[in-house]
Amino acid sequence: MRRRLLANRVCAPRPNARAAGAPQPPQPPCVALISRSPSYSFCLSWQFSGVVADQWTTNSGLPVYNNDDSLTVNLRGPVLLEDYHLQEKLAHLNRERIPERLVHAVGASAKGYFEVTKDVSNFTFADFLSEPGKKTDVIVRFSTAVPSRGGAETVRDPRGFAVKFYTNEGNYDLVGNNMPVFFIRDGMKFADMVHAFKPNPVTNLIDNWRFVDFFSHHPESLHMFTHVLDDIGIPKDYRHMNGFGVHTFKWINREGKERLVKYHWKSSQGVESLLDEEAQAMGGKDSLHATRDLISSIAKGDFPEWVLHVQLMDPSSIASLDFDPLDATKTWPEDQFPLLEVGRMVLNKNINNFFNENEQLAFSPALVVPGITYSDDKLLQSRIFAYTDTQRYRVGPNYLSLPVNAPKSGILNNQMVDGILNFVNKPNEEVNYFPSKISGALLAERYPISGESICGKRMQQVIRKESNFAQPGELYRSWDADRQERFAERISKEMLLQPGVTEVLQKIWVHYWGEVDVGLGNKLMKKMDDAGVPL
Ligand code: HEM
């Protein structure tokens, strides 16, 4: 016990004492082990009365009466190796970071509820959507995509919009963005895309020529770039942006009828953005302004709200469309597939610990609930694997037992609990296998799953209806002339005229944008001429 050590006196031999027989230096006098009396009054007492609730302890529960001074020989030292409390503090600190998210490393989270406002029970039997008025707890994480930890929230970048619904039938994660489409349509390209966006492996600098080069091979990215380089590319903050599930999912009703579904979150605060100069000024003042805005709005009772809408499509419509609705680079025309209101989400509670409720918060598009499932969207299918895999690496194999990720129902009836940091206690449970005539564990009542039949050849090919240029063109033409001009200016400044962008790349991109809209192609040619780079 440290208390006894205080009173002890030891002679501390210096390390590497001379060989036997060698002349010995004078022995230091015996000295007291020094440990300053702490200022906490409850620690001053020599009458030890056990651990009190607010008393400082080591992680094993040992009461700590001095949390300021290392245990030394004499006032200065050396420090004794037996100062376990010091060791524990340093060793724990060394392990206080977990790997940052591969992407979306910067973000803010908040809690609240989702409330059903319209009856959608004809379309899905998901319990949390079963009737108007039904409320479900949620936690949401907004993020930027490319910057690493510590990066600014003022960058031009898609924003993550990830919602975890703690439903009675397990957690449902809707892991979307603030833009309705994505850069690629096949998970095979994800690693290359992330490499191209992240810093140059040689210099650790972001070089735009790298993604300009990569995406010159992928015109399916044009629709997403039309959103990213538009005014909405830098949201004013997280409250003033919409959210989208991006992928096509499936809703199934009690009768087993399936519909394809796309999700839209509409901000009740409205959509507002920062123009480039405003973002630069804001970034210089407060690089985490969006996190600050979210926290302070909630703290002062100004709770942000989003209204959830869906678009539904009967799978029989797929063949008649001139685009592939399961392609994540496409939107569905709202005049053909109108938005249907489902409910509203209110964020009314700030998190109270960033590490527990943001760093360790783990989403995955694989987490669905009965009545909702995946479509054959290729990109979504890759995500079903990627997220749970990264969480097992980043947070650990038992990440779903952590309070922020665990189902709120508190029911975890399976045997997948052991492994590093298992803290689910299953007392006296001898049957840790299935099936068993002894334990009699019950399976859930059967519910309809997707009954779509699948048959076909193995293939490694691009989808048939690529249609890369039509939708970005429609979007561009829906803007007024000023917005179009700002967009073209960003293409030329942030893509075409960036250092390292070769003439071949410039020609490819001007050609692509000309396919999107002839007027836009001509505008870019002129901008290149004006910049002294005739193509
Ligand atoms: C095959 C394609 C994709 C792969 C392999 C992929 C992979 C990942 C990975 C590994 C993470 C880090 C997760 C973590 O450590 O917690 C992540 C985060 C994220 N991704 Fe994706 N992603 C893909 C496409 C998308 C798409 C299409 C969207 C938008 C619809 C998206 C939205 C997000 C969001 C919002 C986060 C942050 C979640 C959070 O706040 O914790 N990703 N992605």
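For the stretch 438-514 versus the stretch 251-271, the spacing of their alpha-carbon centroids is 20 Å. Each label was represented as a point 7 Å from its Cα along the Cα-to-Cβ direction; for residue 465 and residue 69 these points are 7.9 nm apart. Residues in the stretch 285-320 near a label at residue 118, defined as backbone nitrogen under 18 Å from the 7 Å Cα→Cβ point? 306-314, by backbone N distance to the label point.
Expressed as a fraction of 2.2 N^0.38 Å, the C-alpha radius of gyration for the stretch 274-329 is 1.98. So what does the Cα-only Debye profile of the stretch 107-401 read at q = 0.11, 0.17 Å⁻¹, as log10 I(q)/I(0), no solvent term? Summing over Cα pairs of the stretch 107-401 leads to -0.66, -1.70. Summing Lys and Arg as +1 and Asp and Glu as -1 over all other residues whose Cβ lies under 14 Å from the Cβ of residue 375 gives a net charge of 0. Applying Stokes-Einstein at 10 °C and 1.306 mPa s to the Kirkwood radius of the stretch 310-381, computed over alpha-carbon pairs, gives a translational diffusion coefficient of 100 µm² s⁻¹.
Going by Cα centres, the stretch 148-201 and the stretch 307-322 are how many Å apart? A separation of 23 Å, based on Cα centres. Basic side chains Lys and Arg get +1 at the Cβ, acidic Asp and Glu get -1 at the Cβ, and with that the dipole of the stretch 226-332 about its Cα centre reaches some 540 debye. Under the criterion of Cα pairs below 8 Å and six or more residues apart, the relative contact order for the chain equals 15 percent.
Assuming 1.002 mPa s and 20 °C, estimate D for the stretch 471-530 with Stokes-Einstein, Rh taken as the Kirkwood radius over Cα pairs, in µm²/s. Roughly 185 µm²/s, to the nearest whole number. Over the chain, the reciprocal of the mean inverse Cα-Cα separation, the Kirkwood hydrodynamic radius, stands at 27.4 Å. Here the extension length gained between residue 485 and residue 421 equals 17.5 nm, from 0.36 nm per residue of separation less the Cα-Cα distance.
Pairs exceeding 25 Å between alpha-carbon atoms, taken from 378/523; 134/426; 236/349: 378/523; 134/426. Considering only alpha-carbon pairs that sit under 8 angstrom and 6 or more positions apart, the relative contact order computed for the stretch 242-381 is 33 percent. Adding -39500 (n - 2.57) for every DSSP H run of four residues or longer, then dividing by how many residues the chain holds, sets the calculated 222 nm ellipticity at -7000 deg cm²/dmol. When the alpha carbon gyration tensor of the stretch 142-207 is reduced to an equivalent ellipsoid, the three semi-axes, largest first, read 27, 15, 11 Å. In this label model, residue 478 and residue 452 are separated by 2.5 nm, measuring between points 7 Å along each Cα→Cβ vector. Computed from backbone phi, the HN-Hα couplings of the stretch 276-288 come to 3, 5, 5, 5, 4, 5, 5, x, x, 8, 8, 6, 10 Hz, rounded to whole numbers (Karplus: 6.51 cos²θ - 1.76 cosθ + 1.60, θ = phi - 60°; Gly and Pro given as x).
Taking the average, over residues, of other Cβ atoms within 10 Å as the packing measure, peptides 472-479, 295-302 rank 472-479, 295-302 from highest down.
Here, each number is a calculation from the coordinates, and none is a lab measurement. Just so it is clear, the structure is predicted and the values come from calculations on it, not from any experiment. FYI the Cβ positions are ideal-geometry reconstructions off the backbone, even for glycines, and counts take in every protein chain you see.
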